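To start, the structure under review is shown below, and the notes come after it.
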Amino acid sequence: MNYLKEDFTVDCGALVERFRRAVVAPALASLVPGEFDDRGGSLSHYEVLEDNIKSAYLAHPFAEKEKVEAEFQPKLEALGLRIINPFQRAEQGIYEAALKTAEGLNAAQSADIVNKDLEKIDEAGALVALMIHDRMLGTIMEIFYSGYMMEYPTFVYAPTERYSKHPWIMHLSTVSTTWDQLEEQLKNWQAR
């Protein structure tokens, strides 16, 4: 789904759909079993129980994706979170092959990556960002979208002052400078 048309005008239908997923769907999830969902059917006990598991989009730098998958993601999953990792997608091999060429990603691939990542942030309804590399532009954009545009719970692990003391990061998120601190903040959020 492409949110920008060729002339870069906003696709209002796509924005309405994103609003429906981000605002209406969570409200429907609070219904008790047997009440109607947005499809006109009723919610099963399984759907209600499944919604009790909180999800978080795992924003992190591409350069650290192996380390994140091996080290950080399992720790977050051990807390009982359903982690949505943007680099775990069917098209990832195609994108990585394109990045190795002189041309890099084309406009359609870039749009696909951004739009699908925004959809995944909306699906999760919360974001955990790992500020563990010098090049963090995509992660910073995801923090802005989650914390400012959507006002989702946004947690940032920033072990260095370069990011932990930055006014934008401090304003848009809950900042942790240690892993233990991040785990404690996530546990508190889960308990709400």
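Just so it is clear, none of the values below were taken in a lab; they were calculated from the coordinates. Computed from a predicted structure; not experimentally measured. All Cβ positions, glycine included, derive from the backbone under ideal geometry; neighbour counts span all protein chains shown.
Of all lysines in the structure, the ones whose alpha carbon falls short of 27 Å from that of LYS165, not counting any fewer than 8 places away in one chain, are LYS65, LYS67, LYS75, LYS187. Between the amide H of ARG82 and those of LYS54, SER55, ALA56, distances stay under 5 Å, these residues lying 5 or more places away or on another chain, with hydrogens modeled in the peptide plane. Could you pull out the trypsin sites (Lys or Arg not before Pro) across region 49-123 that fall in loop regions by DSSP (anything but H, G, I, E, B) with no more than 14 other Cβ atoms inside 10 Å? Here the trypsin sites (Lys or Arg not before Pro) that fit, given the DSSP loop and packing criteria, are LYS100.
What is the order of HIS171, HIS133, fewest Cβ neighbours within 10 Å to most?
On the way: HIS171 10, HIS133 13.
With the sparsest Cβ surroundings first, the list reads HIS171, HIS133.
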